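Take a look at the structure set out below.
The values are calculated or read from the model by the stated rules, or taken from the named source; none is laboratory data. Everything numeric here is computed off the predicted structure, so don't read it as measured data. Here the Cβ is made from the backbone with ideal geometry for all residues, glycine too, and neighbour counts use every protein chain on show. Accessible surface is based on the protein model in full, side chains and every heavy atom, while ligands, DNA and RNA are left aside. Shrake-Rupley method; radii C 1.70, N 1.55, O 1.52, S 1.80 Å.
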Amino acid sequence: MRVTRTIDGARTALQAARDAGERIGLVPTMGAFHEGHLSLIRAARAECDRVVVSLFVNPTQFTAAEDLARYPRDEDGDAALAEREGVDILFVPGPDEMYPPGFATWIEVGELGEILEGAARPGHFKGVATVCCKLFEIVRPAQAYFGRKDAQQVAVVKRVVRDLNLGLAIRAMPTVRDADGLALSSRNRQLSAEERQEALRLPRALAAGLQAYRDGRDAVGVACELLKGVSVDYATIADLDGPTLAAAVRIGSVRLIDNVRLEEEAQ
Ligand code: AMP
């Protein structure tokens, strides 16, 4: 596995693969890998000739109120896991490499970037859309892999690719959960044992909402009932690359998001 920290280095490392007409797969991440990340890497490994994983804690998708410094980082551990999964290139740019002084060009996606997570985290999707565009242009993958855990992110990235004719395929992969149902997230490690128990109410509420939807009942109402007493940012049905019951809650100081796809899972 080659580790490169520069855009030129990534391009040079990929030139031979490009010349040979190989299919390049990109998995954009912010690191602190868990099985959710590894599921994306495995899908890329199975479907592409060359697998590039980017590891970049993108400062522009954090809001001022969020603590960028608190975001978990473990580059050595991530590199070892990436190597084990057969990744060809690990791209680890620093903030100055991606946003040199004078950087001023942004991608915005309209209302889709302003609802739900975008309302709670103003500017978040502008940062996501911009960094993804840059990564797509640096790596020029045939396919890029994203997790449905971040359903709105999938919808935003697909919109950008469509609107700007970027010509790559976005592969959206299912949410990986712990045995008890909690969606894997690097934020879960900030939960105390007690808070983790409380956090289970989120996937349970969504599962009950999905069942209600299948039964022709009020999915949002059922989910909200089961979230009573929890601090709920939102719980709603939105078109996020298909009808989706999505929710965000706060457990202690940790904000958790989760969702279930209503149609796919209702079939
Ligand atoms: P992050 O490092 O948090 O930016 O996540 C990198 C990618 O992994 C994103 O496309 C996420 O949606 C995806 N991801 C994160 N958690 C999970 C999960 N539990 N299951 C599937 N994909 C996930």
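Brief remarks follow.
- Using C-alpha pairs under 8 Å with a sequence gap of at least 6, the mean separation divided by the residue count of the range 211-265 gives a relative contact order of 25 percent.
- Per-residue Karplus couplings for the range 124-134, computed as 6.51 cos²θ - 1.76 cosθ + 1.60 with θ equal to phi - 60°, are listed in order as 4, 6, 5, x, 5, 4, 5, 5, 5, 4, 5 Hz, Gly and Pro entered as x.
- Taking the accessible area of the range 35-169, probe 1.4 Å, and keeping the other protein chains in place, the carbon and sulfur fraction comes to 49%.
- Label zone of V57 (point 7 Å out along Cα→Cβ, amide N under 13 Å): in the range 18-40 this covers 30-33.
- Listed residues L166, L14, L112, most fluctuating in the chain (Gaussian network, C-alpha, under 10 Å): L166
- Among beta bridges that DSSP assigns inside the chain, antiparallel share in %, nearest 5: 45
- Per-residue HN-Hα couplings for the range 167-176 [Karplus 6.51, -1.76, 1.60; θ = phi - 60°; Hz; x = Gly/Pro]: x, 10, 9, 9, 9, 9, 9, x, 5, 8
- Check: the chain dipole with +1 on Lys, Arg Cβ and -1 on Asp, Glu Cβ, in debye: 160
- Whole-Hz couplings from phi, Karplus 6.51/-1.76/1.60, listed for the range 28-44; x for Gly and Pro: x, 9, 10, x, 6, 4, 9, 4, x, 4, 5, 5, 5, 5, 5, 5, 5
- Highest-fluctuation residue, G209, G94, G36 considered, GNM on the chain with Cα pairs under 10 Å: G94
- From the alpha carbon centroid of the range 70-87 to that of the range 229-250 is 30 Å.
- Rounded to 5, the percent of DSSP beta bridges in the range 45-195 classed as antiparallel: 10
- At 1.306 mPa s and 10 °C, Stokes D of the chain from Kirkwood alpha-carbon radius, µm² per second: 82
- Computed E for T12/A142 - FRET, C-beta separation, R0 22 angstrom, nearest 0.05: 0.70
- Potential extension, R73-R214 segment - 0.36 nm per residue separation minus Cα distance: 46.7 nm
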